[in-house]
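Q: First the structure, which I've put down as structure tokens, then a few questions once you've had a look.
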Amino acid sequence: MNLNQYQDKSRETALYPNMGNNPIYPTLGLVGEAGEVADKVKKVLRDDNGVFTSDVRQSIKYELGDVLWYVSQLANELGYELEEVAIANLDKLSNRAKRGKIKGSGDDR
């Protein structure tokens, strides 16, 4: 499955207010799910000395899927295909690497 196919299939399970004209809902969901990923990783550091068991890895995989779902819905709301977003990101990072600007912060490196 490619990213655009995932995006199309994920849209079949989307149900939220004002779908098609509501980037706020998937943005808030994305932040929430990213927080769940971070929380699981934090607990690995706190409780398991940084060891990612197979159960924890599986749990994080499901949370990453939720992150991807919300990224997909936000892309839909903004009129982007996921492959377009992925290509733009790789182009941006490749350009930074060519200019020796991978390190640092800010969008305009």
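Q: Looking at 65, 35, 29, 20, which is the one that is small (Gly, Ala, Ser) and not in a helix (DSSP H, G or I)?
A: 20
Q: To continue, here is another question. Here are the criteria: (1) over 29 Å from residue 80 (Cα atoms); (2) surrounded by fewer than 16 Cβ atoms within 10 Å (Cβ to Cβ). Tell me which single one residue 44 does not satisfy.
A: Unmet for residue 44, out of (1) over 29 Å from residue 80 (Cα atoms); (2) surrounded by fewer than 16 Cβ atoms within 10 Å (Cβ to Cβ): (2).
Q: Quick one: residue 96 ticks every box in (1) within 15 Å of the chain's Cα centre (by Cα); (2) at pLDDT below 95 bar one, so which box is it?
A: So residue 96 meets the others, but not (1).
Q: Could I ask something else about it? Say we look at the stretch 47-62 and pick out the residues that are part of a helix (DSSP H, G or I) and small (Gly, Ala, Ser); which of these is surrounded by the most Cβ atoms within 10 Å (Cβ to Cβ)?
A: Once the filter is applied, the top-ranked residue is 59.
Q: Against the conditions (1) touching a Lys or Arg at 6+ places or on another chain (Cβ under 7 Å); (2) at pLDDT below 95; (3) hydrophobic (A, V, I, L, M, F, W, C), where does residue 60 fall short? Just the number, please.
A: (2)
Q: I need the full set of residues from the stretch 68-101 which are at negative phi and not in a helix (DSSP H, G or I), in order please.
A: Result: 80, 81, 99, 101.
Q: Sticking with this structure for a sec: Pairs only if they're at least six apart or on different chains, beta carbon under 7 angstrom, first in the stretch 15-30 and touching a residue at least 24 places away in the same chain (Cβ under 8 Å), second aliphatic (A, V, I, L, M) and exposed (fewer than 13 other Cβ atoms within 10 Å of the Cβ); list them, first residue then second.
A: Close Cβ pairs (under 7 Å, with a partner that is aliphatic (A, V, I, L, M) and exposed (fewer than 13 other Cβ atoms within 10 Å of the Cβ)) amount to 23/78.
Q: Could you please find all residues in the stretch 73-109 being surrounded by 13 or more Cβ atoms within 10 Å (Cβ to Cβ) and either closer than 28 Å to residue 17 by Cβ or hydrophobic (A, V, I, L, M, F, W, C) (or both)?
A: Answer for the stretch 73-109, where residues must be surrounded by 13 or more Cβ atoms within 10 Å (Cβ to Cβ) and either closer than 28 Å to residue 17 by Cβ or hydrophobic (A, V, I, L, M, F, W, C) (or both): 73, 74, 75, 76, 77, 80, 81, 82, 83, 84, 85, 86.
The values are calculated or read from the model by the stated rules, or taken from the named source; none is laboratory data. These numbers come from a predicted model, not from an experiment. Ideal geometry is used to build each Cβ from the backbone, glycine not excepted, and the neighbour counts take in all protein chains shown.
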